[in-house]
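Asks: Dropping a structure here in structure tokens format, bear with me for questions.
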Amino acid sequence: MILSGQYIDNGIGRWAVVDKRTNEFMGWTGLKYIKDEINHHINFYDIGYRFRKKYWGKGIATETAQASLKYAFNTLEINEVYALADVNNAGSNKVLKKIGLRFIEEFDFEGTPHNWYKILKTEFEQ
């Protein structure tokens, strides 16, 4: 197993998603510990995912993001998770809302408008 800097430094990182039938890399999903400031937040857990286009629209992002939240709250015992998505990325924004994250606000991230989301452990448990 190859460990990324995130795993070495923070004990967590994104997970590779592989098709069980073909062993093909589909994309990645999971948590990342963010130490840099994003939208006035520092030292927080971010949920994210990115899949190859041929796997879009199949529910894989939703399923893997839900598993990531379950891991965050039940195994790591994190109290809150954040996410950001480009305002024009309808699919990503839909997934974040579908898995229970609440839209907080729109903000500028590196010159592009993004949506800011959050979910608390207590909200996930409901």
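Asks: What does a probe at ASN89 reach in the stretch 17-52, counting residues whose amide N is under 11 Å from the point 7 Å along Cα→Cβ?
Replies: 47-51
Asks: Quick check on the chain: take the gyration tensor over C-alpha atoms, sort the square-rooted eigenvalues as a ≥ b ≥ c, and tell me if it's rounded (a/c under 1.5), prolate or oblate.
Replies: rounded
Asks: Taking amide hydrogens as modeled 1.01 Å from N in the peptide plane, which residues meet the under 5 Å criterion relative to ASP86, leaving out close sequence neighbours?
Replies: ASN115
Asks: For the stretch 89-106, just list the computed ³J(HN,Hα) in residue order, Karplus coefficients 6.51, -1.76 and 1.60, θ = phi - 60°, integers in Hz, with x standing in for Gly and Pro.
Replies: Running phi through 6.51 cos²θ - 1.76 cosθ + 1.60 with θ = phi - 60° gives 8, 4, x, 5, 4, 5, 4, 4, 5, 5, 8, x, 6, 9, 5, 9, 6, 9 Hz.
Asks: Please list 3J(HN,Hα) in residue order for the stretch 46-51, calculated via the Karplus relation 6.51 cos²θ - 1.76 cosθ + 1.60 where θ = phi - 60°; whole Hz, with x for glycine and proline.
Replies: 10, 9, x, 6, 8, 10
Asks: Now a separate question. For every other residue with a beta carbon closer than 9 angstrom to the beta carbon of TYR45, add +1 if it is Lys or Arg and -1 if Asp or Glu, then tell me the sum.
Replies: Local net charge: -1.
Asks: Another question about this same structure. With +1 on each Lys and Arg Cβ and -1 on each Asp and Glu Cβ, how big is the dipole of the stretch 10-59 about its Cα centre, in debye rounded to the nearest 20? The partial results should precede the final answer.
Replies: Working: 10 positive and 5 negative charges, 79 e Å.
So the dipole magnitude of the stretch 10-59 works out to roughly 380 debye.
Asks: What is the magnitude of the charge dipole of the stretch 34-89 about its Cα centre, with +1 placed on the Cβ of each Lys and Arg, -1 on the Cβ of each Asp and Glu, and no other charges, expressed in debye to the nearest 20?
Replies: Numbers: 7 positive and 7 negative charges, 105 e Å.
Value, rounded to 20: 500 debye.
No lab work stands behind these numbers, since they all come straight from the coordinates. From a predicted model like this one, the values you see are computed outputs, not experimental measurements. Heads up, the Cβs are rebuilt from the backbone with ideal geometry, glycines too, and the neighbour counts pull from every protein chain shown.
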